[in-house]
Amino acid sequence: MVTPLWVRGQAEKTDETITSINPADGTIAGTCCAADARCVDQAVRATHDAWCRSDWPHRLPHERARVLAHVADALDGARDTLAVHQMRDCGKPLAECRRMVTAAAGAFRYYAAVLECEETEVTPPRGPSVSMTVLEPLGVVALVTPWNSPIMLEGQKAAPALAAGNAVVIKPSEETPHLALHLARLCVEAGVPPALLTVLPGRGETTGAAVVGHPLVRMVSFTGGTETGRAIGRVCAEKIIPAALELGGKSPHIVFEDADLDRALDAVTAGIFGSAGQSCVAGSRLLVQASIAEPFIARVAARADALRVGPPDHPDTAMGPLISTRHRDRVESYIRIALRDDGGRLRAGGGRPDDPALAAGAYLRPTVIDGLPNTARCAQEEIFGPVLACIPFRDEDEAIELANDTVFGLAAGIWSGSFDRAWRVGRAIQAGSVWINCYKRSSISAPFGGFKDSGLLREKGRQGLRLYGGLKSISVGLDAPRAPARGEA
Ligand code: NAD
């Protein structure tokens, strides 16, 4: 069966299709219609026309908030079904997929609350007038998403974009196109005006480029690779529209000798091997103080060897497959380069699991490599797989220097028994999220994004609503002369 795309509030068929492959076993996860450039043009125009006629941008905040809260309930109600769809599309363990649906629901609930609390600002005038600042919607906003956490990322973008009164066009990843289609249907059933949410699956260089470049698209919120983000940023600059870019990372996980090493061990292994390393904030560089480096790396390697790699629907699976066999080939090539050219030493993993039951899937064993300089490609480039590069450091200064010696600046983890030191190091590291004595503790209420090549602007948090709007200053002139100040004659 071919799933139609979603335009004008309904399912529509096109001639082109894309097929997503279940990375756990190589079977077809689903086939859906794709949008070519002509279809994109018609769909964006239809979405824009609908927005111009809709009362959605003019509804009172509490009215839009009520609809968003219904979407949150609908997502919660559909959690198990959506989690299975996401698991088949992207291969993440089922429990993790369930958490992501819950996170998407949480985003809708959060922005419903933010919307109710957003206040018009009265700003000090410089003359006889009253001045206010209000947030206006932008029109059609494009959300371009990657394959690694589709339902969560699409929910985290669509919720504030709709809350701010916009219409939304989602261009999901060609690898995982189905979740956005489910989200659109749930949104409409929950009361979002049908034609204000359009989903256009297709390839990036065709469908995605046509969406981003469309003259009626007035803002782009993109999550994906840094080079794609750069290309999208160029198009947006030419159009003079805002681009929120959430890009790649090479996040350092720093362990000092005075840390609680048992807790650090748990966090370091979960930080890189969770989602099979296919997480933008994966702690892919372990920086560990030289005095404890050897025994700590040995423990990390033993943990990696013990992790259960298996099918994502098995309750005991700790790590599922990668997104595709093509991506696994790419990750394996990084391991080869590290061992062959850069002097790396394999401490765990390095290849595919022996289990013949996993042979058809895109599986790779959790891999730990040490002996690399921080300049090695494996320590500098985003691999987006279960590969940990371990690098020792002497002291605090060297830890900071190594942590910042990368083009990325998305996240960092710091483990130390000294709060003063952890705070100093945390402030010195160029990263959008810093976790002290924890890792990946994200919250929808905390701004999220990257420094340097990891991105531009911040999503989530209260100001995440303002990302999707334009501020307008309104001044009301007063005829009345200024009231005399108290005590003035
Ligand atoms: P990608 O950049 O290849 O693709 C992302 C999306 O962009 C897809 O929908 C793709 O079709 C589309 N696209 C590609 N070329 C385009 C173009 N020229 N114009 C418009 N759209 C285009 O990324 P991916 O491989 O799907 O995802 C992995 C990447 O995403 C990693 O680099 C990872 O770090 C990043 N990521 C970042 C965050 C974050 O919040 N910082 C979160 C998750 C993933």
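Just so it is clear, none of the values below were taken in a lab; they were calculated from the coordinates. In this text, all values refer to a predicted model and were calculated from it rather than measured experimentally. As a convention, Cβ positions derive from the backbone with ideal geometry for all residues, glycine included, and neighbour counts pool all protein chains shown.
Just a few scattered comments:
- The C-alpha atoms of the chain define a longest principal axis, and helix 37-53 lies at about 40 degrees to it.
- Full-extension gain in nm, Glu136 to Thr375, via 0.36 nm per residue minus C-alpha separation: 81.4 nm
- Using alpha-carbon coordinates, inclination of helix 79-90 to the longest axis of the chain, degrees: 60 degrees
- The listed peptides 61-69, 105-113, 346-354, ordered by packing as a protection proxy, come out as 105-113, 61-69, 346-354 (highest mean of other Cβ atoms within 10 Å first).
- Gained length - Arg234 relative to Arg441, 0.36 nm times residue gap less alpha-carbon distance: 71.3 nm
- Electrostatic bookkeeping for Ala379 treats Lys and Arg as +1 and Asp and Glu as -1; over the other residues with beta carbon under 12 Å from its beta carbon, the sum is -2.
- Value in Å of the Kirkwood radius, where region 385-431 supplies the Cα pairs that are averaged: 11.6 Å
- Amide hydrogen neighbours beyond the local backbone of Ser284, cut-off 5 Å, H modeled: Ser251
- Protection proxy ranking, highest mean first, for peptides 455-462, 126-133, 173-180: 173-180, 455-462, 126-133, where packing is the per-residue count of other beta-carbon atoms within 10 Å, averaged.
- Once both labels are positioned 7 Å from their Cα atoms along Cα-to-Cβ, the gap between Glu294 and Ala95 label points is 3.5 nm.
- For Glu189, neighbours were defined as the other residues whose beta-carbon sits under 14 Å from its Cβ, and their charges (Lys and Arg +1, Asp and Glu -1) total -1.
- In this rough spin-label picture, where each label sits 7 Å from Cα along the Cβ direction, the Asp479-Arg326 distance is 7.0 nm.
- Inter-label distance, nm, simple model (7 Å from Cα along the C-beta direction), His62/Ala302: 6.0 nm
- Taking region 277-312 and a reference point 7 angstrom along Cα→Cβ of Asp266, the backbone N atoms nearer than 19 Å belong to 283, 296-297, 299-308.
- Taking amide hydrogens as placed 1.01 Å from N in the peptide plane, the amide H of Thr198 sits under 5 Å from those of Val168, Val169, Ile170, each at least 5 positions away in sequence or on another chain.
- Acute angle (nearest 10 degrees) that the helix 226-239 long axis makes with the longest principal axis of the chain, alpha-carbon atoms: 20 degrees
- Proximal charge balance of Ser416 [Cβ under 13 Å; K/R count +1, D/E count -1]: -3
- Alpha carbon centroid spacing (whole Å) that separates region 5-74 from region 239-288: 32 Å
- Each of the peptides 259-268, 289-298, 212-221 was scored by the mean count of other Cβ atoms within 10 Å over its residues; in descending order, highest first, they stand as 212-221, 259-268, 289-298.
- Percent of beta bridges antiparallel (DSSP, the chain, rounded to nearest 5): 45 percent
- The chain: calculated mean residue ellipticity at 222 nm from DSSP helix runs of at least 4, using -39500 (n - 2.57): -12000 deg cm²/dmol
- Figure legend: label point modelled 7 angstrom from the Cα of Asp49 along Cα→Cβ; residues of region 141-156 with amide N under 19 Å from it are 141.
- Global form of region 27-122, assessed from the alpha-carbon gyration tensor, a/c cut-off 1.5: oblate
- Kirkwood hydrodynamic radius computed over region 105-250 comes to 16.2 Å, based on all pairs of distinct alpha carbons.
- Averaging 1/r over every pair of different alpha carbons in region 252-436 and inverting the result gives a Kirkwood radius of 16.4 Å.
- The chain, relative contact order in percent, only Cα pairs under 8 angstrom and at least six apart counted: 18 percent
- Placing a label point 7 Å from the Cα of Glu401 along the Cα-to-Cβ direction, the residues of region 355-377 whose backbone N falls under 18 Å from that point are 372-376.
- Solvent-free Debye scattering, log10 I(q)/I(0), computed from the Cα coordinates of the chain at q = 0.06, 0.07 Å⁻¹: -0.29, -0.40
- Between the listed residues Pro356, Ala209, Gly426, the Cα displaced farthest toward the positive end of the dipole of the chain, a dipole computed from Cβ unit charges relative to the Cα centre, is found at Ala209.
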